[in-house]
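**Q** Got a structure for you, written out below as structure tokens; questions coming shortly.
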Amino acid sequence: MRIKSIVRRVTDNDYVFTIFTKVMAVVIGLIASSYSNRFLGPELKGELGRISSMLSIVAVTANFGLYQPYPYYKRQGEPDVLDKFLRIFLFQFAAYMVIGVIGAAWFGSFALTAVCLLAPIQVLANQLSFMIMVEDVKFKNVIFFTARITNTVITILAFYTMDRTILVALALIVVGDVITVVMALIRLRRLPNPARADLRFAARIVPFGFVSMITTLMLTLNYRVDTLMMGYMFGIPDAEIGFYTLGVSLSEYGWLIPDAFREVLFSRTAKDDAIGEVTMSMKVNLYLTILMIAGILLLGRPVIYLLAGAEYLPAYPVTVLLIAGIIPMSYFKIIGTLLLAQGKKGVYLGMLSGSVVVNILCNMVTIPLWGKMGAALASVISYMVAGGLFLLYYMRTYSIPARDIFLFRQEEIDRLRHMLARVKSKLSKRA
């Protein structure tokens with residue numbers, strides 16, 4: 001009974017359940033990384049990093065950002081809003097499959113062929129993942145968890161049964177996207193006919209969606225432009241890019257906490273502004289993220305050695321440097337949910353674009369000087385610019401003092417203690 005009570009408490013609270021799934025994803029992800037990194041090796045991992053970066057940028061651009069207006073129109077009470085968006089998404093998928101096959105036959109480059117064939121399913125997966133995050137954030141985490149487990153199992157099987165090849169690594173991307181699409185459609189309990197897509201409604205959301213696409217593209221560039229510039233502009237060896245991408249992957253575990261708050265707040269702010277909840281989330285996120293960062297710094301080097309091998313140890317300095325940008329970027333992630341739900345896409349895009357410009361300009365200088373460490377430094381500077389701009393805007397717009405962003409008030413501490421005491425009491429009674 002006690003175990004059942006604990007499980008019920010975890011699944012009842014959106015924040016707790018989201019954080020729980022993210023933490024479990026760390027464990028599963030580390031196992032998958034152990035096999036994936038050893039299977040690929042630094043050079044092949046670097047090649048995968050270049051292709052996946054290009055794929056992400058193409059998928060974002062082809063998406064046109066048409067899923068971003070969904071919480072806004074849902075909040076406005078648009079009739080039949082779910083089916084309207086689903087039909088448009090499925091229509092896009094069918095059109096892109098045709099274009100992708102033609103492009104794959106036309107291009108002679110392996111990287112471009114892979115992007116043409118994988119982009120359509122990734123576009124649809126991103127759209128449905130966002131929609132589920134708004135409709136049912138807990139099930140979104142179930143999808144995420146299922147995809148991670150499946151990815152891990154297939155990676156282990158590939159390690160023991162297949163030859164080292166980039167095709168296997170790309171196949172893992174497809175598996176995760178397919179699982180996302182199938183599970184999302186099952187949860188939504190509908191598969192509307194794409195031929196009945198409301199093109200007039202699509203035309204109405206295109207201006208919103210186009211700006212959102214540019215916004216998401218800027219965000220993707222902020223994360224991916226360094227890899228592309230290293231590989232295609234400055235000719236950094238794939239092995240060095242492999243070290244860099246592993247460092248990025250390890251540092252991104254520090255974003256699990258802010259990402260958990262971000263996903264729940266997408267659902268909350270789709271209904272109202274929830275300023276108090278946003279502010280409280282930033283405060284709790286700050287201290288939980290500090291603990292996460294401390295764990296990464298302490299365990300980073302032995303984790304790299306155990307899960308990837310000694311050949312990947314050059315990735316550790318990259319991880320340490322990138323960690324400096326986690327907390328600033330968490331403010332961007334959390335506050336951005338509110339701005340998007342309010343339809344303030346221009347403000348969001350303007351501040352984000354500033355950080356992307358800083359990122360590209362810094363990369364132009366730092367990569368030729370310091371290679372992968374220069375790319376990491378440019379990323380940290382851009383993250384600080386993004387987080388700082390969003391935080392200053394939020395504090396000024398809603399008259400939030402710095403104390404409320406960083407420090408708990410006594411009444412908040414008392415409320416948290418009371419909440420924890422109630423949870424402990426309920427667990428004791430149920431046990």
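**Q** Arranged from highest to lowest average of other beta-carbon atoms within 10 Å per residue, in what order do the peptides 78-87, 163-172 appear?
**A** Top of the packing list down: 78-87, 163-172.
**Q** Could you give the dipole magnitude of the chain about its Cα centre, charging the beta-carbon of Lys and Arg +1 and that of Asp and Glu -1, in debye to the nearest 20? Working shown, then result.
**A** Numbers: 42 positive and 26 negative charges, 326 e Å.
For this selection, approximately 1560 debye.
**Q** Here's something else I'd like to know. What's the center-to-center distance, using Cα atoms, between the range 131-169 and the range 58-111 in Å?
**A** The range 131-169 and the range 58-111 have Cα centres separated by 22 Å.
**Q** So for the range 236-384, averaging the separation of alpha carbon pairs under 8 Å that are six or more residues apart and normalising by length, what relative contact order in percent results?
**A** So the answer I get is 33 percent.
**Q** If you don't mind, there's one more thing I want to ask. I'd like to check one number: the per residue accessible area of the chain, probe 1.4 Å, reported in Å² as a whole number.
**A** With all protein chains present, the chain gives 44 Å² per residue.
**Q** In addition: Just to verify a number: what accessible area does Y232 come out at with the full protein assembly present, 1.4 Å probe, Å² rounded to tens?
**A** Answer for Y232: close to 110 Å² accessible.
**Q** Excluding residues fewer than 8 places away in the same chain, name every one of the aspartates and glutamates whose C-alpha is closer than 17 Å to that of K333.
**A** Leaving aside aspartates and glutamates fewer than 8 places away in the same chain, those within reach of K333 are E252, D259, E263, D273, E277.
**Q** How high is the FRET efficiency between A111 and E252 when r is their beta carbon distance and R₀ equals 41 Å, given to the nearest 0.05?
**A** Numbers: r = 23 Å, r/R0 = 0.56.
Here the calculated transfer efficiency is 0.95.
**Q** May I pose another question? Calculate what fraction, in whole %, of the accessible area of the chain sits on carbon and sulfur atoms when a 1.4 Å probe is rolled over the protein chains.
**A** Answer for the chain: carbon and sulfur cover 68 percent of the accessible area.
**Q** Follow-up. Quick one: which residues, 5 or more positions from A197 or on another chain, have an amide H under 5 Å from its amide H? H modelled 1.01 Å from N in the peptide plane, none for Pro or chain starts.
**A** It is none; the list stays empty.
**Q** Output the relative contact order of the chain, whole-number percent, from Cα pairs under 8 angstrom with separation of 6+ residues. Before the final figure, lay out each step's value.
**A** On the way: 549 pairs, mean separation 104.9, N = 431.
Over the chain, the number comes to 24 percent.
**Q** Same structure again: Using helices alone, I'd like the mean residue ellipticity at 222 nm for the chain: each DSSP H run of four-plus residues gives -39500 (n - 2.57), total over residue count, nearest 500.
**A** -29000 deg cm²/dmol
**Q** Another one. With point charges of +1 on the Cβ of Lys and Arg and -1 on the Cβ of Asp and Glu, referenced to the Cα centre of the chain, which listed residue (W106, N126, N359) lies farthest in the positive direction of the dipole?
**A** Farthest towards the positive pole: N126.
**Q** If you don't mind, there's one more thing I want to ask. Anyone know which of R189, R301, R75 comes out most mobile in the 10 Å Cα GNM of the chain?
**A** Evaluated over the chain, the most mobile residue of the options is R189.
**Q** State whether the range 315-417 is rounded, prolate or oblate according to the following rule on the C-alpha gyration tensor (a ≥ b ≥ c being the square roots of its eigenvalues): a/c under 1.5 gives rounded; otherwise a/b larger than b/c gives prolate, and the remaining case gives oblate.
**A** Judged from the Cα gyration tensor, the range 315-417 comes out oblate (a/c at least 1.5, b/c at or above a/b).
**Q** Over the chain, with a Gaussian network built from C-alpha contacts below 10 Å, which listed residue (F91, F243, F332) shows the highest mean-square fluctuation?
**A** Result for the chain, Cα springs under 10 Å: F91 fluctuates most.
**Q** Which of L191, L40, L307 moves most in a GNM of the chain, Cα contacts under 10 Å?
**A** Between L191, L40, L307, it is L191 that shows the largest mean-square fluctuation.
**Q** What are the ³J(HN,Hα) values, in whole Hz, obtained from phi via the Karplus relation 6.51 cos²θ - 1.76 cosθ + 1.60 with θ = phi - 60°, for each residue of the range 291-304 in sequence order, with x given for Gly and Pro?
**A** Whole-Hz 3J(HN,Hα) from phi for the range 291-304: 5, 5, 4, 4, x, 5, 5, 6, 9, x, 5, x, 5, 4.
**Q** If R0 is 35 Å, what FRET efficiency do you get for A104 and F159 from their C-beta distance, rounded to 0.05?
**A** Plugging the Cβ-Cβ distance into 1/(1 + (r/R0)^6) gives 0.80.
**Q** Pull out a ≥ b ≥ c, the square roots of the eigenvalues of the alpha-carbon gyration tensor of the range 161-302, then state rounded if a/c is under 1.5, prolate if not and a/b is larger than b/c, and oblate in the remaining case.
**A** oblate
**Q** Next question, about the same structure. Roll a 1.4 Å probe over the protein heavy atoms and report the accessible area of V98 in Å², nearest 10.
**A** Answer for V98: close to 90 Å² accessible.
**Q** With all protein chains present, calculate the accessible area of Y398 using a 1.4 Å probe and round the result to the nearest 10 Å².
**A** Ignoring ligands and nucleic acids, Y398 comes out at about 60 Å².
**Q** Taking a threshold of 27 Å on the Cα-Cα distance, which of the pairs K45/K283; K45/K344; K140/K345 fall above it?
**A** Checking Cα-Cα distances, K45/K283; K45/K344 exceed 27 Å.
The values are calculated or read from the model by the stated rules, or taken from the named source; none is laboratory data. Remember, predicted model here, so these are calculated numbers, not experimental data. All Cβ positions, glycine included, derive from the backbone under ideal geometry; neighbour counts span all protein chains shown. We work out accessible area using only protein heavy atoms, side chains counted, and drop any ligands, DNA or RNA first. Shrake-Rupley method; radii C 1.70, N 1.55, O 1.52, S 1.80 Å.
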